[in-house]
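Engineer: Quick one: this structure, given as structure tokens, is what I'll be asking you about.
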Amino acid sequence: MTTQDQVNPPPPEGESSISLPGIYVSLTDLPLDILSIMDKVRSPEAGAIVTFAGTTRNNFASKPVTSLTYTSYRPLALQTLSSIASSLLTKHALKGIAIVHRLGTVPIGEESILIAAAWLAGEEALEECKEKVEVWKREEFEDGGVWRANRDGHQGAEVKEGSKGE
């Protein structure tokens, strides 16, 4: 194993990531670990790490959610995440920023996105991820499901079983 492999080991199976100086972005099928994300941005030159953990809730617009599944076009989504992180790293003179989004089924109460950065940069990262990253979610309710863009608040379109979007 080379020294570079020890510094940047290959991601675990089910995970795609980009790691650049001061930037770590990832899409993963695995449960998220807040401490490992904080470690990606930890620096003796920075006095704080602010983290945001987006957690799957059990309802949307007063309707009980039974499950939530995320899907993505990974190559493009990783590039978009990297672009967002790079822009915010420069804009806020950050020492580091990490954004990790979970894909697949995320049970109620578990994290679907983690962001570690400085205060304002973290908030901006979240809003830009919701707006720009090629990640979609399917919310299942007792009476059916809807696909949504990653941005909360949009009702989405009902998806009927067997429907091919015609």
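Engineer: Rounded to the nearest 0.05, what FRET efficiency is calculated for Glu123 and Leu35 with R0 set to 25 Å and r the Cβ-Cβ distance?
Structural biologist: 0.75
Engineer: Across the range 96-109, in residue order, what do the Karplus-derived ³J(HN,Hα) couplings come to in whole Hz, using 6.51 cos²θ - 1.76 cosθ + 1.60 with θ = phi - 60° and x for Gly and Pro?
Structural biologist: Per-residue couplings from phi come out as x, 8, 10, 9, 10, 10, 8, 10, x, 7, 10, x, 3, x Hz.
Engineer: A follow-up question, please. Looking at the range 95-136, which GluC sites (Glu not before Pro) are in a loop (DSSP not H, G, I, E or B) and have at most 16 other Cβ atoms within 10 Å?
Structural biologist: In loop regions of the range 95-136 (DSSP not H, G, I, E or B), the sparsely surrounded GluC sites (Glu not before Pro) are Glu110.
Engineer: Another question, then. What list of ³J(HN,Hα) couplings, whole Hz, do you get for the range 42-58 from phi and the Karplus terms 6.51, -1.76, 1.60, once you set θ to phi - 60° and write x for glycine and proline?
Structural biologist: 4, 8, x, 8, 10, x, 7, 10, 9, 10, 10, 10, x, 10, 5, 8, 8
Engineer: In sequence order, what are the phi-derived ³J(HN,Hα) couplings for the range 113-130 according to the Karplus relation 6.51 cos²θ - 1.76 cosθ + 1.60 with θ = phi - 60°, rounded to whole Hz, with x for glycine and proline?
Structural biologist: Per residue, the Karplus-derived 3J(HN,Hα) values read 8, 10, 10, 10, 5, 6, 3, 5, 5, x, 5, 4, 4, 4, 5, 5, 4, 4 Hz.
Engineer: Pull up all non-local amide H partners of Ile113: gap of 5 or more, or a different chain, and H-to-H distance under 5 Å with H placed in the peptide plane.
Structural biologist: Placed amide hydrogens put Gly54, Arg102 under 5 Å from Ile113.
Engineer: Past the 27 Å Cα-Cα mark, which pairs from Lys40/Lys63; Lys95/Lys130; Lys91/Lys137?
Structural biologist: Distance filter (> 27 Å) returns Lys40/Lys63; Lys91/Lys137.
Coordinate-derived values only; no laboratory data. Model, not experiment: these values are computed from the prediction. Neighbour counts run over all protein chains shown; Cβ positions are idealised from the backbone, glycine included.
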